[in-house]
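Notes follow once the structure below has been shown.
Values quoted throughout were computed directly from the atomic coordinates according to the rules given, and no laboratory measurement underlies them. Remember, predicted model here, so these are calculated numbers, not experimental data. Glycine gets a Cβ as well: all are built from the backbone with ideal geometry, and neighbour counts include every protein chain shown.
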């Protein structure tokens, strides 16, 4: 996974279809969304319903499968990672302030070139810092993604490196995208397992608005939410270079217990063999040609 990759993520652990859930330029005919989605007939209604459903959201946990497909010019290679997602939203003391939103994604399995192997990769966001941790290689990269005093939410769709499709505000989405409610089976490949799984969902198609810097790399984003509880289950982001990110979220648990230790971003000790890299902001901006601090066993380089 890369920092510029979108979210969202083939099914997980026993429910996976035989082929990846790629989009198709010629989607099969399907009944209109209004026939499949009684009660919600527009993107505006869905976004409002999602925002109301998320008002009491405190925690979210699920299995996650993330698929990254390179564009044709890059060879079309496909990487699949499987693991688990934990998310927490803490209400602010000031009602006008943003909630403190944190997450951990722990991938434990990698499928590449038809081969599956154990491969641990962890991403942790504590509200200020984003950590990329690779225990096998003892690599630890810690990046501050919010500047001191900045009112920013890097988990918003179209703003951060790893947006989470829960707890999104309607106004934030519409400021960046044109939204349309489309049939659940629109743009899905001919895969009966996938189509059956997504038949009872709402599909939201998001097209970037002109002139919005945060979404300029996206061609479109598609999000699927379960009709029964409006929890996210599938998402596809297609980039302007033809690459694609897919996310499946299965076996979701809303407002279950998640301890604060899940989102710790403490640095490991370099003397234990870890290569620790810290990327922070300077108050006056980075000096020309200056590198972030890199801490390796016996070495410390500060900005």
Which FRET efficiency value, to the nearest 0.05, do you get for residue 44 and residue 199 by plugging their Cβ-Cβ distance into 1/(1 + (r/R0)^6) with R0 = 22 Å?
0.45
Contour minus end-to-end for residue 52 and residue 72, with contour as 0.36 nm per residue of separation and end-to-end as the Cα-Cα distance?
3.2 nm
The stretch 260-275 residues near the modelled residue 122 label - backbone nitrogen below 15 Å, point 7 Å along Cα→Cβ
260-270, 274-275
What length, rounded to one decimal in nm, is gained on full extension from residue 272 through to residue 93, with 0.36 nm per residue of separation minus their alpha-carbon distance?
60.5 nm
Could you tell me which of rounded, prolate or oblate describes the stretch 209-273, using a ≥ b ≥ c as the square roots of the eigenvalues of the alpha-carbon gyration tensor, with rounded for a/c under 1.5 and, failing that, prolate when a/b is larger than b/c and oblate otherwise?
oblate
